[in-house]
Amino acid sequence: MQRREKLHDLLTRAGLTVIEDVRPGSLFPPEAGWRIARGIAAPDGAAPQELDAAWWRRLCDADGEFLVAVHRHRIGGNDAWWTRVRHAGSGVPELTGDPGFVALSPDGQVLLAAVPGADGTRVTALDRLPERLEEAAAASEHETEAERAEVWAAVPGRPAWPLHWTEGLGFNPAATDELLIRLLDVDEGFMHGCDRPAVLDAALAHPDPRVRSTLADTFRPKLTPDQWTHLIRAEPSPARRVLWAERARARGAALPEDLYDDLLTGPSRAQAAQLPGLPARHLPGLASDADPRVRAAACARWEDLATALRERLLADADNTVRTAALLAHHTGIPMPHEVFAALPDPQRALEQCRLAPELEAELVRDADANVRRTLAANPALSAHSVAVLAQDPHDDVRSEAALRPDLTEKQRAAVRHNFDPTLMSHTLPWVEDLHDDTDAMRRLAASSHPLIRRSVARAPHLPPDVTARLAQDEDRAVRLFLAESCEDAPADMLLDVWRWWDGSFSHPGRPRNHPNFPRAGLLRYATDPSGRMRRLALDDPQSTPAHVARLARDPEAEVRRRAAEDPRLSPADAVRLLNDPEAHVRDTVVRNPRLPARVLAGLLHDRDTAITAVTNPAVPLSVLLRILAAAAAAAH
């Protein structure tokens, strides 16, 4: 509210009455107005030395109203909304000078602007705006090779937004390995999506630990075990070396035994002792270590410890070590009541320990529902106790019992579980462990529990009869997970899922980018009532530039956005879409290589578009290198 109040005060002082803030909607957007005001992608038109009363009268409608945006005074600070105002006087509103403004007539025909710059205030006045924009778009079709070369020879010129360029430069698909390696000295953010071997190797060898650590901080790229080992060895911080080792193991990378030797001899030995995959030869030393944290960590490998070491840990002088040993010991040996009662916190015992029959019988009828719910997931629970909890009066307890892997599907179906299909769900680990077991997947795909069927649908590969069953599942999330995760998902189901889903953060592009998604015959949707289906028409191999042109004028923004990313888009339509009312359409077309060089070069120097424009593959490599040099100079 603070920004809006300041803006309204400014407009009131200028002699204007504020009516309302207006999202662009179907209007010409303020962002495009700012570009024209700065001389970027601007149509030919008058640029008088001052905006006199005659221009202001042409701007206002019969009620004296017009739309205005004031530099850096929009909600969120991005000048992206119009404010409808009324000018009741006959003079000129006091808007010229700092901070700058763009104004639009309600019918979209007249644009006035005054933007301060290094060379003074730039004033713009345009009438017949739609007509002029159409003329400018049509003229862009005729850019010659010589004109393009002249434009690119002048870039970057005076670099306006060099640090913006570094944020986007690494995401340009035309950038070479050499350029990206040089970019590491300026900005390493692009590494979160980079999987080029030469660039990864250069990042691993980079002297700046921040660059190296970027590789461990992201799920992409997928490093090889050798690369992980190199990364860990090069990390100067002992704590971070152990952290990187944890991440390497979590991502499935096997580490050499001598690396564990190094980690265990450092100051972070207690943390290293908890690493999965630790060679068994280290366990005797860990179980006898002077540090109780290390001895407690050794208890996690109870089955690998010799009997004498186990007995020593069970009698350890440190209470934390004794507790860890007791919990590990009683995963196989039933825990008696007196041991359970002496535990400082019974939670882990409820979760994982085998309990003496009389203790188990007492706990499954405990008055605390949280105790019973925790116990319901304990893998060591007896069949009798599972049956008791499956009939528990509390919904949460029964629902936990219903997900046990040791139930038959007939038993599971008999449990009155409570499951909210609208809540986010995660793959059950025990089902995931069975993903390669065809018989298990076939059995579990018929489960009465939606979460189990959802977990089956996350399998990378499934037999045809299982995918056919899941593709007809009544639970929509089962079909969605099948579309996202299973390479064997059937084409007709993928098309059906597309009608209501177009990708998530974890699975972007699915189902449309699924290898089984149908492509042939999609042109039949070019005139479909649903915009979602019209978007598919351009994926058909039989579609043409004429179809792209038609969908670039579609009434729905998402359809126009699909056209905006198409490489067959005409230069004129690309320029037209730069003025689209919707920001995501404009942002998409800024990346399209069909933009004329003159326009694209201007977008590189515009505050609103610099980061995106530098990712456009039409920017020549020589220009990208000059941009990198300018950005490096600014950064340093």
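The values are calculated or read from the model by the stated rules, or taken from the named source; none is laboratory data. Quick caveat: nothing in here was measured; it's all calculated off a predicted structure. With ideal geometry, Cβ positions are generated from the backbone for all residues, glycine too; neighbour counts draw on all protein chains shown. Side chains included, ligands, DNA and RNA excluded: accessible areas come from the protein's heavy atoms. Shrake-Rupley method; radii C 1.70, N 1.55, O 1.52, S 1.80 Å.
At-a-glance table
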item: Out of Arg535, Arg576, Arg568, sole residue that is closer than 22 Å to Gly521 by Cα and either part of a helix (DSSP H, G or I) or aromatic (Phe, Trp, Tyr) (or both); result: Arg535
item: Candidate set: the stretch 240-257, residues that are aliphatic (A, V, I, L, M) and assigned to a loop (DSSP other than H, G, I, E, B); chosen: the one least open to solvent (accessible area, probe 1.4 Å); result: Ala253
item: Failed criterion for Met533 (all others in (1) under 26 Å from the mean Cα position of the chain (by Cα); (2) open to solvent by 10 Å² or more (accessible area, probe 1.4 Å) hold); result: (2)
item: One residue from Ala613, Ala632 being out of contact with any Leu (no Cβ under 8 Å at 6 or more places or on another chain), small (Gly, Ala, Ser) and touching a residue at least 60 places away in the same chain (Cβ under 8 Å); result: Ala632
item: Helices (runs of 4 or more DSSP H) within the stretch 174-218 that include 2 or more residues within 15 Å of Trp244 (Cβ to Cβ); result: 197-204, 209-216
item: Single match in Ala387, Ala361, Ala380 (criterion: not aromatic (Phe, Trp, Tyr) and not in a helix (DSSP H, G or I)); result: Ala380
item: Glu360 vs. criteria open to solvent by 70 Å² or more (accessible area, probe 1.4 Å) and not aliphatic (A, V, I, L, M); result: no
item: Asp473 being charged (D, E, K, R), in contact with a His (Cβ under 7 Å, 6 or more places away or on another chain) and either open to solvent by less than 20 Å² (accessible area, probe 1.4 Å) or not in a helix (DSSP H, G or I) (or both); result: no
item: Test result for Leu407, in a helix (DSSP H, G or I) and surrounded by 14 or more Cβ atoms within 10 Å (Cβ to Cβ); result: no
item: Residues of the stretch 318-341 classified as touching a Lys or Arg at 6+ places or on another chain (Cβ under 9 Å) and surrounded by fewer than 19 Cβ atoms within 10 Å (Cβ to Cβ), total; result: 6
item: Leading residue by the ranking (farthest from Arg550 (Cα to Cα)) among those in the stretch 608-624 that are surrounded by fewer than 21 Cβ atoms within 10 Å (Cβ to Cβ) and of a type in the set (Gly, Ala, Ser); result: Ser622
item: Qualifying positions in the stretch 558-607 - in contact with a Gly (Cβ under 7 Å, 6 or more places away or on another chain), within 24 Å of Trp82 (Cα to Cα) and open to solvent by less than 50 Å² (accessible area, probe 1.4 Å); result: Pro581
item: Residue within the stretch 90-112 that is open to solvent by less than 30 Å² (accessible area, probe 1.4 Å), farther than 20 Å from Leu10 by Cα, hydrophobic (A, V, I, L, M, F, W, C) and not in a strand (DSSP E or B) present; result: yes
item: Looking only at the stretch 143-194, and only at residues there that are modelled with pLDDT under 90 and open to solvent by 80 Å² or more (accessible area, probe 1.4 Å), the one that is nearest to Val575 (Cα to Cα); result: Arg158
